[in-house]
Amino acid sequence: MQGGEGRTGPGNGEAAGARRRLYNGPGEKADTYARFSYYPECPRPELVFGLKPHSDGSVLTVLMVDDTVGGLQILRDGVWFDVPIVPRTLLVNIGDQTEIMSNGIFKSPVHRVVTNAEKERLSLALFYSVDPEREIEPATQLVDEKQRPALYRKVKVKDYIAGLYEHLSQGTMVIDTVKI
């Protein structure tokens, strides 16, 4: 093959180069961590959150949820919606780091876990994050000062992640601290 032509036709090399510039990968020291969560049955679920409302500070979260007990909810337009149970599937959440790097094109959903009066619930979340020493900001290709200005300021990943826990305890969203 010559001239940048590949299986998908002319210009394939140019498109791949643009993608590489848009997202330079997670870095050599990217973080991946898992969190197992156990939510016991709760006789008064209306009084207790399994997990407070929050968004994930990662690039991406892959969630394996209980096949029989719901509890995950997402917030949309001020209303909480139950995430349906689909047995033997993985749920993928966009994280705050993706929202920042995409300049808000992709949204990190606010979500929570509610408890169940009769059944316990288990989940496994895998979080994928950029190298903690890197700084993230909106990709330059997605910023135009006239049409689409930067919505987020540059932030070091480890500082952002550290702020997650503080904001979760206060019931606020850490992503709001980097909005311009």
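The values are calculated or read from the model by the stated rules, or taken from the named source; none is laboratory data. What you are looking at is a predicted structure, and each value in this text was computed from that prediction instead of being measured. Cβ sites come from the backbone with ideal geometry, for glycine too, and all protein chains shown count toward neighbours.
Please go through (1) touching a Leu at 6+ places or on another chain (Cβ under 7 Å); (2) in a helix (DSSP H, G or I); (3) touching a residue at least 60 places away in the same chain (Cβ under 8 Å) for residue 98 and return the number of the only condition it doesn't satisfy.
Looking at each condition in turn, residue 98 falls short on (3).
Name the residue, out of 37, 58, that is modelled with pLDDT of 90 or more, of a type in the set (S, T, N, Q), over 22 Å from residue 141 (Cα atoms) and surrounded by 11 or more Cβ atoms within 10 Å (Cβ to Cβ). Show your work before the answer.
Values: 58 fails: over 22 Å from residue 141 (Cα atoms).
Exactly one of 37, 58 is modelled with pLDDT of 90 or more, of a type in the set (S, T, N, Q), over 22 Å from residue 141 (Cα atoms) and surrounded by 11 or more Cβ atoms within 10 Å (Cβ to Cβ), namely 37.
Residues that are part of a strand (DSSP E or B) and either surrounded by 16 or more Cβ atoms within 10 Å (Cβ to Cβ) or at pLDDT below 90 (or both): does region 75-87 have at least one? Outline the logic, then answer.
First, the residues of region 75-87 that are part of a strand (DSSP E or B): 75-76, 79-82.
The next check asks that each one be either surrounded by 16 or more Cβ atoms within 10 Å (Cβ to Cβ) or at pLDDT below 90 (or both); those that pass are none.
Looking through region 75-87, none of the residues is part of a strand (DSSP E or B) and either surrounded by 16 or more Cβ atoms within 10 Å (Cβ to Cβ) or at pLDDT below 90 (or both).
Can you tell me which of (1) touching a Pro at 6+ places or on another chain (Cβ under 6 Å); (2) not in a loop (DSSP other than H, G, I, E, B) is the one residue 93 doesn't meet?
Just one mismatch for residue 93, condition (1).
List every residue pair whose Cβ atoms sit under 7 Å apart, with the two residues 6 or more apart in sequence or on different chains, where the first one lies in region 67-94 and is closer than 20 Å to residue 41 by Cβ and the second, anywhere, is surrounded by fewer than 11 Cβ atoms within 10 Å (Cβ to Cβ).
Here the result reads 67/87; 67/88, each pair linking region 67-94 to a residue that is surrounded by fewer than 11 Cβ atoms within 10 Å (Cβ to Cβ).
Looking at region 124-136, can you tell me whether even one residue there is under 25 Å from residue 33 (Cβ atoms), modelled with pLDDT of 95 or more and not in a strand (DSSP E or B)?
No, every residue in region 124-136 fails to be under 25 Å from residue 33 (Cβ atoms), modelled with pLDDT of 95 or more and not in a strand (DSSP E or B).
Examine region 129-149 for a residue that is touching a strand residue (DSSP E or B) at 6+ places or on another chain (Cβ under 8 Å) and closer than 24 Å to residue 50 by Cβ, and state whether such a residue exists.
Checking region 129-149: at least one residue is touching a strand residue (DSSP E or B) at 6+ places or on another chain (Cβ under 8 Å) and closer than 24 Å to residue 50 by Cβ.
Can you tell me which residue is surrounded by the most Cβ atoms within 10 Å (Cβ to Cβ) among those in region 41-55 that are part of a loop (DSSP other than H, G, I, E, B) and over 16 Å from the mean Cα position of the chain (by Cα)?
It comes out as 42.
Being crowded, with 16+ Cβ neighbours inside 10 Å and basic (Lys, Arg) is the filter; apply it to region 94-121 and report the residue that is nearest to residue 73 (Cα to Cα).
So the residue we want is 112.
Any residue at all in region 61-73 that is at pLDDT 95 or above, of a type in the set (Ser, Thr, Tyr) and in a strand (DSSP E or B)?
Scanning region 61-73, I find at least one residue that is at pLDDT 95 or above, of a type in the set (Ser, Thr, Tyr) and in a strand (DSSP E or B), so the answer is yes.
Kindly evaluate residue 151 against the criterion of being within 16 Å of the chain's Cα centre (by Cα) and modelled with pLDDT of 95 or more.
When the stated conditions are applied, residue 151 does not pass them.
Residues are listed down the side, and each one gets a yes or a no for (1) without any contact (Cβ under 8 Å) to a residue 24 or more places away in the chain; (2) over 20 Å from residue 62 (Cβ atoms):
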{"position": "121", "(1), (2)": "no, no"}
{"position": "126", "(1), (2)": "no, no"}
{"position": "155", "(1), (2)": "no, yes"}
{"position": "172", "(1), (2)": "yes, yes"}
